[in-house]
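What follows is one structure encoded as structure tokens, with my remarks underneath.
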Amino acid sequence: MAFPPQFLDDLRNRVSLISVVGRRVKLVRKGREHHGLCPFHNEKTASFTVNEDKGFFHCFGCGAHGDSIGFEMRAGHLSFTEAVEKLAAEAGIEVPKATPEERVREAQRASQHDALEAACVFFEKHLRGPAGRDGFAYLKNRGLSDDTIARFRLGFAPDSREALKSALMTKECPESLLIEAGLLKKPEGGGGTYDYFRGRVMFPITDRRGRVIGFGARTLGDGQPKYLNSPDTPLFHKGATLYGLAHARELARQTETVVVVEGYMDVIALHQAGFAYAVAPLGTAVTEQQIEELWRLAPEPILCLDGDKAGQRAMARALERAFPILKPGLSLRFATLPAPEDPDSLIKARGPAAMKAVLDAAQPMIEVAWRLATEGRALDTPERRAALEKDLNDKAFAIADETVKWQYLAAFRQKAKESFRPPPRQWPDGFHRRKAGRDHFCGQGP
């Protein structure tokens, strides 16, 4: 159900987050925060914090994050509507009535979340079993620790057409639900459904709250495609989702830093190396929706791309999508990796310091746009320079915000002026001395 925002704000203000969490977690106050053992994964050292002033809980171990409603949903295995109704009853607040259609939609979404969570547990279990031996070896050979594997809930899909189907399909979780959630596939020519993911290492994809909404999967052999994502579903939209967002969002907000890399393993490697503000798009160039999501975390996200031609093309596409939606104070920066490295290989070869140096050298959009527009381009005639000016003006005029648009026009013109200014005239050695002598001689005439 879509509750009125004012009602939800009132509920959050009336319900003590400490009280809600404290029913299930033994909390110890430390300064302005409370700490305890995370109830959502097994841990021996407390990494779970609650900040009553800011109204959220966060686990630095598993990435769980949310408010009192989100905590009640996770801890009580409740839908959003159920959690709201439970907390409202405790606070003595009357809940707005849902329409029948809203209740049906909410129930469908909750059921899909349940199915995807059950699939995630299934894949996690098989990674540690005989069927996942090769998948587990692959992850360990990539340098991932047991803690990292557990934190990102990595798993393995058995190489079977019906392993997941047999494990999950029940009266409460029918075949139609598993198809809608993107876990089973129905052949176009007819026949029985089969598991969508088979014989692949599994990377759960979550929403910003940490709820599983889809999966990415990597084959261990020569099968194609090498990486496979869940199909778009009512919960999962590839172009609007960022991998690793739930794990990255808290540190990204604290540091006002977020780094966008290309793949799942790059995100995980960066988090393991201490760069726990890394995220990735899902096999496509970053979209406008993803840029808007990134700006909720930091004003100038860093896109960290490979230094090869493909990386340069990705940089150009990101610029094209970002220009129209730029706003005052909100932009992108670009960091280029030394060829042929990616973040994972660079950290392995040269350590985290090398990765930090790459990020510290990130360039602002204006510099990257100018470089891409002028690199390898002849600018030795007025006509060619006019063509460059037109291209740059087109980029600037694509910006919807008037203030940013005119700032870019001015910046491009200034760069052109500095670049095309004639060099100082080079005079022969002794010219000024001889000229001064002639002037002196002329001055002595009658």
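The values are calculated or read from the model by the stated rules, or taken from the named source; none is laboratory data. On a predicted model such as this, the values are computed, not experimentally measured, just so you know. Note that each Cβ is placed from the backbone with ideal geometry, even for glycine, and that neighbours are counted across all protein chains shown.
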query = Within the range 312-323, is even one residue touching a Leu at 6+ places or on another chain (Cβ under 7 Å), without any contact (Cβ under 8 Å) to a residue 12 or more places away in the chain and not assigned by TED's automatic domain parsing to the domain that holds I205?
reply = no
Checking K390, K356 in turn, the sole residue that is basic (K, R), closer than 30 Å to A273 by Cα, at pLDDT 95 or above and part of a helix (DSSP H, G or I) turns out to be K356
Among the residues of the range 316-345, the number that are closer than 13 Å to V259 by Cβ and of a type in the set (A, V, I, L, M) is 3
Among residues of the range 208-227 being touching a residue at least 40 places away in the same chain (Cβ under 8 Å) and assigned to a loop (DSSP other than H, G, I, E, B), the residue surrounded by the fewest Cβ atoms within 10 Å (Cβ to Cβ) is L220
For the range 132-156 the number of residues that are closer than 24 Å to A64 by Cα, buried (at least 19 other Cβ atoms within 10 Å of the Cβ) and among the small types (G, A, S) is 1
Among residues of the range 13-22 being more than 10 Å from A91 (Cα to Cα) and in contact with a helix residue (DSSP H, G or I) (Cβ under 9 Å, 6 or more places away or on another chain), the residue surrounded by the fewest Cβ atoms within 10 Å (Cβ to Cβ) is S19
Filtering the range 326-348 for residues that are assigned to a helix (DSSP H, G or I) and either surrounded by 17 or more Cβ atoms within 10 Å (Cβ to Cβ) or hydroxyl-bearing (S, T, Y) (or both) leaves a count of 5
The condition of being in the same structural domain as A280 (by TED's automatic domain parsing) and out of contact with any helix residue (DSSP H, G or I) (no Cβ under 9 Å at 6 or more places or on another chain) holds, among P340, P382, only for P340
Note on the range 370-392: residues touching a residue at least 40 places away in the same chain (Cβ under 8 Å) and hydrophobic (A, V, I, L, M, F, W, C) are W370, L372, L379
Across the range 357-369, the tally of residues that are in contact (Cβ under 8 Å) with a residue 12 or more places away in the chain and either within 20 Å of the chain's Cα centre (by Cα) or over 25 Å from E256 (Cβ atoms) (or both) stands at 6
Filter the range 45-64 for residues that are in contact with an Asp or Glu (Cβ under 6 Å, 6 or more places away or on another chain) and assigned to a strand (DSSP E or B); the one that is surrounded by the most Cβ atoms within 10 Å (Cβ to Cβ) is H58
F123 meets each of (1) buried (at least 21 other Cβ atoms within 10 Å of the Cβ); (2) at pLDDT below 95; (3) over 17 Å from D9 (Cα atoms); (4) out of contact with any His (no Cβ under 9 Å at 6 or more places or on another chain) with one exception, condition (2)
* Among the residues of the range 262-276, is any of a type in the set (G, A, S), under 14 Å from the mean Cα position of the chain (by Cα), surrounded by fewer than 23 Cβ atoms within 10 Å (Cβ to Cβ) and not assigned by TED's automatic domain parsing to the domain that holds I149? -> yes
Over the range 1-44, the set of residues in contact (Cβ under 8 Å) with a residue 40 or more places away in the chain and outside any loop (DSSP other than H, G, I, E, B) is F7, L8, D10, L11, R12, R14, L17, V20, V21
